Amino acid sequence: MASLKSKTLFLTVSLAAVMAATACSPGGQPTTETAKASEPAQPPAPTMAETTDPLILQARDFLEPIPTEVPAIEGVTSTPELVKLGQSLFFDPRLSASHSISCASCHYPGLGGADNSPFSAGFHGARGGRNSPTVYNAVFSFVQFWDGRAKDLVEQAGGPLVNPVEMASPQAHVTEQILALPGYTPMFADAFPGEMDPVTLENAQMAIAGFEATLITPNAPFDQFLRGDANALTADEKAGLGLFIDTGCIACHSGVNLGGTMYQKFGVFSDPDPKYRPPEDKGRGGITGNAADDYFFKVPTLRNIVETAPYFHSGSEPDLKKAVAVMADVQTGQTLTPEEIDQLTAFLGSLTGDQPELTIPQLPLSDAKSPLPEK
Ligand code: HEC
Ligand code: HEC
């Protein structure tokens, strides 16, 4: 372990280099913005045990465990009725023009909240240009989408319903469709008590967001370790965590989600292969129109990462070890040994937490007057 120590010293220097490089990156302003949604609604339980373990203490400087309580979302009053409505809408394919695609099609609960496909098949099999990110723990991220174009889950939920390559419903169609499924009206009334006309697109978005906030995955071995159980990680996983810190991954992959707290350029030290970073997708730059933001993306969460291949916004790398090697290369300017990549990957495996236990809800049934799918 003596060699690890001297290496740690060396790598601490590289970490400083990554920090400096990322701090100077043009357009990297939001680095100081904190993840507002990560403020837990209740004091997180169980508590962080006192410890003298140096690795735990070092990790606590950058990383936080997933709270075991469902976090609050600004502007949404979460009740069991609201969550139930949101869950039904999330699973209901009839909200899409073709009646064949629901949120769950591309954010499948049994597949880590994603779909294991480079690009998801949407309306009539159309494929968008980006990999579907997991909805698990999305509530802890500071903005939504790879390019951050939705400020929170409520705003995000409006996107896919009307997006022509996703669910393709015209805006009015969504509420008409819901109103034409009579069983939904009392569910909206229960979720939004006291409202005259509760069936609105905005309320549908709030309910979906309230449901998504329940999709958290606490108690990963890494969370147990952070809370003070030094035996929760294997020797390889601990070595990987050490590398994660010393190589500088934590400069960007920090906070509850090991990601989701900032935008960063994909390609800090060198340009990634165009298969990983196709030139036409400018990321954040496509939203702001500012060339300094080109190829900046939201740093994605690494929670449950072993479940959500393929990797990158381009969905272009099926092998997690290769994705780790690409990151070390283009984001930190380092070439890691195969053993180091194995250890880092082992550490990433310790980020898999308790998966949400979901039952597929009984949805309000269509009746003779309900519209049929568009051809
Ligand atoms: C056809 C596949 C598809 C469908 C249907 C779909 N999504 Fe997505 N979702 C995606 C893709 C692809 C992205 C990333 C797009 C981007 O960043 O530009 C995404 C992004 C998201 C994100 C942002 C996650 C993050 O970390 O940035 C959330 C949350 C989400 N979708 C929830 C939903 C909800 C809720 C629905 C249903 C109303 C839905 N999605 C329907 C494919 C889909
Ligand atoms: C300078 C910031 C930065 C550093 C340092 C960094 N990353 Fe990343 N990471 C990102 C960004 C940005 C992306 C999204 C790239 C894309 O697809 O556009 C990403 C993506 C990833 C992904 C793919 C996630 C997914 O869901 O597709 C993995 C895995 C990953 N990083 C691991 C690491 C590891 C391990 C290290 C350290 C060796 C590291 N990263 C260092 C910013 C960084």
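Please count how many residues of segment 300-320 are under 20 Å from Gln224 (Cα atoms), near ligand 2 (Cβ under 8 Å from one of its atoms) and in a helix (DSSP H, G or I). Within segment 300-320, residues that are under 20 Å from Gln224 (Cα atoms), near ligand 2 (Cβ under 8 Å from one of its atoms) and in a helix (DSSP H, G or I) number 1.
Name the single residue, out of those in segment 260-278 being touching a strand residue (DSSP E or B) at 6+ places or on another chain (Cβ under 6 Å) and of a type in the set (Phe, Trp, Tyr), that is nearest to ligand 2 (Cβ to nearest atom). Among residues in segment 260-278 that are touching a strand residue (DSSP E or B) at 6+ places or on another chain (Cβ under 6 Å) and of a type in the set (Phe, Trp, Tyr), the one nearest to ligand 2 (Cβ to nearest atom) is Phe266.
Going residue by residue through segment 357-370, is there one that turns out to be touching a residue at least 12 places away in the same chain (Cβ under 8 Å), over 23 Å from Phe188 (Cα atoms) and not assigned by TED's automatic domain parsing to the domain that holds Lys84? No: zero hits. When Glu317 is tested against (1) under 21 Å from the mean Cα position of the chain (by Cα); (2) acidic (Asp, Glu); (3) not assigned by TED's automatic domain parsing to the domain that holds Leu241, only condition (3) is not met.
Output the residues belonging to segment 321-336 that are touching a helix residue (DSSP H, G or I) at 6+ places or on another chain (Cβ under 8 Å) and either part of a loop (DSSP other than H, G, I, E, B) or within 18 Å of Thr352 (Cα to Cα) (or both). Once the filter is applied, which keeps residues that are touching a helix residue (DSSP H, G or I) at 6+ places or on another chain (Cβ under 8 Å) and either part of a loop (DSSP other than H, G, I, E, B) or within 18 Å of Thr352 (Cα to Cα) (or both), segment 321-336 yields Lys321, Val324, Gly333, Gln334, Thr335, Leu336. Only one entry in Val306, Val324 is surrounded by fewer than 18 Cβ atoms within 10 Å (Cβ to Cβ), more than 16 Å from ligand 1 (Cβ to nearest atom), under 21 Å from the mean Cα position of the chain (by Cα) and touching a residue at least 24 places away in the same chain (Cβ under 8 Å), namely Val306. Pairing each residue of segment 230-248 that is closer than 10 Å to Leu344 by Cβ with any residue that is among the charged types (D, E, K, R) and within 10 Å of ligand 2 (Cβ to nearest atom), provided the two are 6+ apart or on different chains, yields C-beta distances under 7 Å for Leu243/Glu340.
Scanning segment 348-370 for residues that are within 16 Å of ligand 2 (Cβ to nearest atom) and assigned to a loop (DSSP other than H, G, I, E, B) gives Ser350, Leu351, Thr352, Gly353.
Of the residues making up segment 69-125, those that are away from ligand 2 (no atom under 16 Å from the Cβ), modelled with pLDDT under 90 and not in a helix (DSSP H, G or I) are Ser96, Ala97, Ser98, His99, Ser100, Ile101, Ala121, Gly122. The set of residues in segment 280-301 that are surrounded by 21 or more Cβ atoms within 10 Å (Cβ to Cβ) and within 12 Å of ligand 1 (Cβ to nearest atom) comprises Gly283, Arg284, Phe297, Lys298, Val299, Pro300, Thr301. Report yes if Asp229 is more than 16 Å from ligand 1 (Cβ to nearest atom), surrounded by fewer than 24 Cβ atoms within 10 Å (Cβ to Cβ) and in a loop (DSSP other than H, G, I, E, B), otherwise no. Judged against the criteria, Asp229 is a match. List every residue pair whose Cβ atoms sit under 8 Å apart, with the two residues 6 or more apart in sequence or on different chains, where the first one lies in segment 130-148 and is under 20 Å from Gly353 (Cβ atoms) and away from ligand 2 (no atom under 11 Å from the Cβ) and the second, anywhere, is assigned to a loop (DSSP other than H, G, I, E, B) and basic (Lys, Arg). Filtered contacts from segment 130-148: Tyr136/Arg303; Asn137/Arg303.
Of the residues contained in segment 233-252, one or more are found to be within 19 Å of the chain's Cα centre (by Cα), modelled with pLDDT of 95 or more and outside any helix (DSSP H, G or I).
A Cβ distance below 9 Å, combined with a sequence gap of six or more or placement on separate chains, defines the contacts here; from segment 252-271, residues that are polar (S, T, N, Q) reach residues that are outside any loop (DSSP other than H, G, I, E, B) and more than 16 Å from ligand 1 (Cβ to nearest atom) in the pairs Ser254/Leu63; Thr261/Thr31; Gln264/Thr22; Gln264/Thr31; Gln264/Ala251; Gln264/Gln331; Ser270/Asp329; Ser270/Val330.
The values are calculated or read from the model by the stated rules, or taken from the named source; none is laboratory data. What you see is a predicted model, and the numbers here were worked out from it, not measured in a lab. No Cβ is skipped: glycine too gets one built from the backbone with ideal geometry, and neighbour counts run over all protein chains shown.
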